[in-house]
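Enquirer: Handing you this structure, nothing more for now.
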Amino acid sequence: MAQDPGHRYTAFEPQIPDIPSVVEFVSTTSFWEAARPWLSRRGIELYEKPPQENPAKFRRTWWTPSVSTPASLPFARCVIDAPNTQKVFDYMIKLACGQDSVGRDVMLKLVDKNSPEYSIFQCLMQQQDLCTDPSTFPCVLPPLAILDTPHQYSIVTMPTWGSPFYIEEFQTMREVLHFMKCLLQGLVFLHANRIAHRDIFEYNVVVNCYRLDRDMDRLSEDLVDHRRRPDVLYALMDYDQSIYLPQVTSLEHCRRPAQEAWAGADMYRPDDRFTAEQALKFLNDSAMDVPQDALEAPLELGMEYGAMFDSEVYWSRLPPGLRASWTDYRAPPLPRSFWILNWLIQIPIFRRVIVPGRRFLGI
């Protein structure tokens with residue numbers, strides 16, 4: 001499905017509509033309906049829209065198909081109940097759903113040609129051979145094709161994977177460790193290719209299992225079994241807020257503008273001193289010492305947000321001996337000046353002084 005670089009647009013082929021800006025685009029089925037013939041010419045058949053859809057309204061819904069063609073990596077396992085009834089599926093902004101010429105489910109995303117995201121997808125396209133073998137799969141959802149339009153945007157096609165899923169539904173330590181390993185493998189791969197993701201959270205992590213009817217409640221039930229399978233995989237996706245560092249930039253000493261610290265979600269921002277590569281090695285080495293019965297012991301997980309602001313929340317729950325043996329891996333406490341600046345920066349008049357001042361001083 002790779003884009004043909006020699007393709008020439010002519011007046012005799014279907015046209016695709018232009019849009020003012022990908023960033024400000026509000027996705028509607030009316031846009032995708034206009035794009036349907038252009039995509040069909042390139043081997044992509046969009047899902048059908050519900051017959052009662054009002055094109056004048058900003059709706060983003062499709063009928064899910066009744067069949068899907070099974071496929072190996074990088075495609076995911078599709079759960080199809082029999083009989084499978086069609087369901088109206090509400091998709092996200094800038095995304096559409098379809099199937100390729102052999103009936104495999106794909107997602108389509110609008111990408112600005114001048115954006116870092118476009119360059120990132122081009123980089124990932126060059127390494128598609130890694131994505132077909134489970135032993136080399138980089139735990140990053142790969143593009144299948146970059147369909148360049150005659151306008152300032154392209155349409156990137158990707159295999160459909162399952163999302164969202166919920167971490168608190170993991171049932172054993174083995175499942176949690178495998179999830180952590182996949183995320184770190186994805187980060188190591190991205191960093192090796194000079195890509196900083198910067199927006200890791202649940203909705204940007206997918207699993208290689210999805211339901212054709214897109215029923216999220218039933219997907220949770222299916223994942224109970226899927227997580228026990230030896231072929232379960234998780235992958236990072238979505239590069240809206242990512243950056244692609246040039247070769248002349250040092251990955252170790254790169255400093256970005258202060259305002260970029262607010263980019264992305266806070267959930268998975270690390271406070272420790274590990275790089276992704278170091279963290280993956282540490283995880284693999286540590287997991288070797290975990291007894292088999294502990295790996296299969298049932299867990300009951302819950303979400304807490306206090307540790308995002310104070311690492312003492314989870315360190316304080318370790319037994320004293322274990323806490324002492326891990327003290328070398330603990331990030332040093334934040335200085336009092338951090339909390340003072342963090343409080344002052346919430347006040348607009350101080351923010352207008354502190355942010356440019358720190359940028360000027362390089363601190």
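All of the numbers you see were taken from the coordinates with simple rules; none came from a lab. All values derive from a computational prediction rather than experimental measurement. Methodologically, a virtual Cβ is constructed for each residue, glycine included, from the backbone with ideal geometry; neighbour enumeration extends over all protein chains shown.
Enquirer: Around P298, with a cut-off of 14 angstrom between Cβ atoms, what is the net charge of the other residues, counting Lys and Arg +1 and Asp and Glu -1?
Expert: -3
Enquirer: Based on DSSP H runs of at least 4 residues, each adding -39500 (n - 2.57), what is the mean residue ellipticity at 222 nm of the chain after dividing by all its residues, to the nearest 500 deg cm²/dmol? Walk me through the intermediate numbers first.
Expert: Values: 10 runs with 103 residues, N = 363.
The per-residue figure over the chain is -8500 deg cm²/dmol.
Enquirer: Just one of (1) 38, 28, 20; (2) 31, 23, 22; (3) 37, 22, 20 is semi-axes √(5λ) of the Cα gyration tensor in Å as worked out from the coordinates here. Which one is it?
Expert: After the calculation, the listed value that fits is (1).
Enquirer: To continue, here is another question. Could you sort the peptides 213-220, 94-101 by per-residue average Cβ neighbour count (10 Å cutoff), highest mean leading?
Expert: Values: 213-220: 14.9, 94-101: 18.8.
Highest-to-lowest ranking by the protection proxy: 94-101, 213-220.
Enquirer: To make sure I understand, if each residue's beta carbon is the centre and we count other beta carbons within 10 Å, what order do L184, L283, L344, L322 fall in, fewest to most?
Expert: Neighbour counts put them in this order, fewest first: L322, L344, L283, L184.
Enquirer: For a quick check: sort K109, K281 by the number of other beta carbons within 10 angstrom, fewest at the front. Spell out each step's value before the answer.
Expert: Details: K109 23, K281 14.
Listed from fewest to most nearby Cβ atoms, that is K281, K109.
Enquirer: Given labels modelled 7 Å from the Cα in the Cβ direction, how far is it in nm from F282 to H253?
Expert: Between F282 and H253, the simple spin-label model gives 2.4 nm.
Enquirer: Can you tell me the 0 to 90 degree angle between the C-alpha axis of helix 29-41 and the longest principal axis of the chain, rounded to 10?
Expert: 70 degrees
Enquirer: State the answer as a single residue: which of V26, M158, N342 lies farthest towards the positive end of the charge dipole of the chain, with beta carbon charges of +1 for Lys and Arg and -1 for Asp and Glu, about the Cα centre.
Expert: N342
Enquirer: To the nearest 10 degrees, how steep is helix 173-192 against the longest Cα principal axis of the chain, on a 0 to 90 scale?
Expert: Tilt of helix 173-192: around 80 degrees.
Enquirer: In which sequence would C254, C123 go, from the one with the fewest C-beta neighbours within 10 Å to the one with the most?
Expert: Fewest-to-most ranking of C254, C123: C254, C123.
Enquirer: Also, I was wondering about something else. Relative to the present Cα-Cα distance, how much length would full extension add between T136 and D266 at 0.36 nm per residue of separation?
Expert: 43.9 nm
Enquirer: Nearest 10 degrees, 0 to 90: what angle lies between the long axis of helix 216-226 and the longest principal axis of the chain (Cα atoms)?
Expert: Approximately 70 degrees, to the nearest ten.
Enquirer: Now, a different point. How much length is gained on full extension from L295 to R317, taking 0.36 nm per residue of separation minus their Cα-Cα distance?
Expert: The span from L295 to R317 would gain 5.9 nm if fully extended.
Enquirer: How many lysine pairs does the chain hold where the Cα atoms are under 27 Å apart and the two sit 8 or more places apart or on different chains?
Expert: 11
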